[in-house]
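Take a look at the structure set out below.
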Amino acid sequence: MAATLAHLIATLEVTHEELTRLTATLSDEVLDYHPGPEEWSIREILAHLVDDEMFVMRTRLERIVREEYPTLVPNDEKLWHSQRNTSRDTVSELLRDFAIQRAASLNIIGFLREDDWKRTAYHPEEGDLTTEIWVEHWANHDIVHLRQIERNCASYLERQ
Ligand code: NI
């Protein structure tokens, strides 16, 4: 496996640990703090990561690997946010759900063969995506949201 792929997988593997570390000592007030009117709280970011893992990230991976040049469906995050399932919103539930979903994703990624990484799908807004590009996007998405959680914490502290 190419070094970059191993690096991407290593990034995906540590995210649960990072999320746990970042949220371990946070009060509900910090978890539900919104840095701006349109910005998600840390709890909402965690829920987004859980749902994205199930319904967007892994679903697209499965389609790229299983189907012949599938057309992927754009994901409307605002719509998701207005309709999301809030019934498992304690941090321990969100982290546990993320751990389960991420383990399932890594299990599939671990099964990919050399040729699977080159398979391609079409995305109406982004053009052609290979498995490798998708997994790269996935790992970057983790990092974006980990940094967002850190920024939310910093913003909360500044406003005290
Ligand atoms: Ni996101």
_Is it the case, given these coordinates, that TYR69 is more than 18 Å from GLU17 (Cα to Cα), away from the ligand (no atom under 16 Å from the Cβ), in contact with a Ser or Thr (Cβ under 7 Å, 6 or more places away or on another chain) and assigned to a loop (DSSP other than H, G, I, E, B)?_
yes
*Being of a type in the set (S, T, N, Q) and farther than 15 Å from GLN148 by Cβ is the filter here, so list the residues in segment 7-34 that pass it.*
THR11, THR20, THR25, SER27
*Which of the residues belonging to segment 8-38 are more than 24 Å from ARG96 (Cα to Cα) and surrounded by fewer than 18 Cβ atoms within 10 Å (Cβ to Cβ)?*
GLY36, PRO37, GLU38
*Would you tally the residues in segment 30-78 being more than 17 Å from the chain's Cα centre (by Cα) and touching a residue at least 60 places away in the same chain (Cβ under 8 Å)?*
6
_farther than 24 Å from LEU8 by Cβ, free of Cβ contacts under 8 Å to residues at least 60 places away in the same chain and surrounded by 12 or more Cβ atoms within 10 Å (Cβ to Cβ): is that true of ARG159 in this structure?_
no
*Criterion (in a helix (DSSP H, G or I), within 15 Å of the ligand (Cβ to nearest atom), of a type in the set (Lys, Arg) and farther than 16 Å from HIS141 by Cβ) met by exactly one of ARG43, ARG21*: ARG43
*Could you check, for segment 79-88, whether at least one of its residues is within 14 Å of the ligand (Cβ to nearest atom), in a helix (DSSP H, G or I) and touching a residue at least 24 places away in the same chain (Cβ under 8 Å)?*
yes
*Residues satisfying the stated conditions in segment 107-137, i.e. assigned to a helix (DSSP H, G or I) and surrounded by 13 or more Cβ atoms within 10 Å (Cβ to Cβ)*: ILE108, ILE109, ASP116, TRP117, THR131, GLU132, ILE133, TRP134, VAL135, GLU136, HIS137
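Any read-out appearing in this document is the output of simple, stated calculations on the displayed coordinates, not a laboratory observation. Because the structure is predicted, anything quoted here is derived from the model rather than measured. FYI the Cβ positions are ideal-geometry reconstructions off the backbone, even for glycines, and counts take in every protein chain you see.
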